[in-house]
Structures are given as C-alpha cells and as structure tokens.
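This report concerns only the one structure given below.
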Amino acid sequence: MFMPNILRIGLRGILILIGLFLVACLIWTYRMGYSFFLTGGQTALIEPYDLNNDGHLESYILENHSLKIMQNELVIWKSPADWRVTSFVIGDANHDKQADLIMVVWKKGSFGNDMPFWLQLNDQHIHCHLFLFDLAGDQAKPLWMSSALDQPIISLQIQDMNEDGKNELLIQEGSYSFLSYFLNSDASEPTLWQWKSWGFYRLDATEDDSGSSP
C-alpha cells in the first residue's frame, strides 16, 4: 500500500509540473508573440533613391532587421539597435510632394517618448509600429511615428491605387499571436490606407472597422 501512494504522489507532482510548464509557455508566447521570429537573419534589400534631393543617390540597405542609409560609401543614418525593421518603402505618403521613408518597426513599448497624459509608464511588450522619416541633408528626421498598431504589418506597398492623384498604402496585416506564424499569416485580405490630416485612415473600412489611423 505504501508504494502505490508514493507513485500516486509522484504522478500528481509530474502533472502539476507539466501544467506549470504549459502555463509558463503560454505567458512567454503571449509576451513574445510573433516578434519571436524577428531575431533571425534577413535577406538584404537594397534600394537607391535621392530622398534629400541633392542630386546624388543614397543606398537604403535593410539587412538582419537593421536599416542603414549610405552615401558616398559612408553610413549617414542607421536604425536604433532596439528596433527591428521588417520592411520599408519610399514614396510620398503624406501628400506634401516630397518622398518619405516609410518603415515597419518592431520595438518595445506602445508609445515613444511622448505618451498620453494618463499613462505614467510605457509597457514593455514588443509591438509593431509604422514610422515616416525624411532625409534633410545627411540627417534622417521623424515626420510621424505611430503608436502600437492593433495588427502588425506583414508587408506594404505605396502607390496611387484608386487613381485620385494621392498615394495610398496597401497593407497586408497579420496577428500578434505566436501561432499565427504557423497558420498562414498572409491569409488576410490587404487593406487600403491614405494619409489625412495627421495619420492614416482606412479607405476600404467596413462597419466593423474603425477606419482610423493607428
């Protein structure tokens, strides 16, 4: 009778340990989410463009989730070390007749240095953001930086999709869920966004969508 009781206690303890391990895994995957897959390598993407209108092309090089701007073989700007840049496009996104550098950036915190007055601390979760930068001389300057997006951007394009004379962003959205990486994250329909006043608004929004900028 003594040995079976020990076995029962042992099995119960093992089940408890397994349960605690599964809970820890769920908490970890919630905190890491899709961003877990941003730690690996990334094929280099190089695009030439004269963003500062000085008559000389810069090279925009995205590699291993880091974006750098080079001119005359010198690095004139590099994305901060705590950013994970997954994609970028260049075009006039805010309709000021000047091309912009548009980046999809993953980083900690829902906000930057400027937060809503009712918040005291930024959260430490890794979120997806959309950033617009300009290049003045050899200085990259932020024009607009979104807070954390409700849904991360998997890919984006910029062009005048509806032929109204203004560029739109065609965005493929995904999910922050860890499992979405395995469940065909490209299955959602692309969404169409256009700059208005101070942010992007969804043009193809339904009644269930807010249609407002992140």
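Extending 7 Å from Cα along the Cβ direction at Asp54 and again at His95 yields two label points whose distance is 3.1 nm. Across all Cα atoms of the stretch 38-97, the radius of gyration (one decimal) and Dmax (whole number) stand at 12.5, 37 Å.
Of the cross-linked pairs Lys68/Lys196; Lys78/Lys196; Lys107/Lys141; Lys108/Lys166; Lys107/Lys166; Lys68/Lys107, which ones have a Cα-Cα span greater than 26 Å in the structure shown? Pairs exceeding the cut-off: Lys68/Lys196; Lys78/Lys196; Lys108/Lys166; Lys107/Lys166.
No value in this document is a laboratory result; all are computed from the given coordinates. Only a predicted model underlies this, so the values are computations on that prediction, with no experimental measurement involved. As a convention, Cβ positions derive from the backbone with ideal geometry for all residues, glycine included, and neighbour counts pool all protein chains shown.
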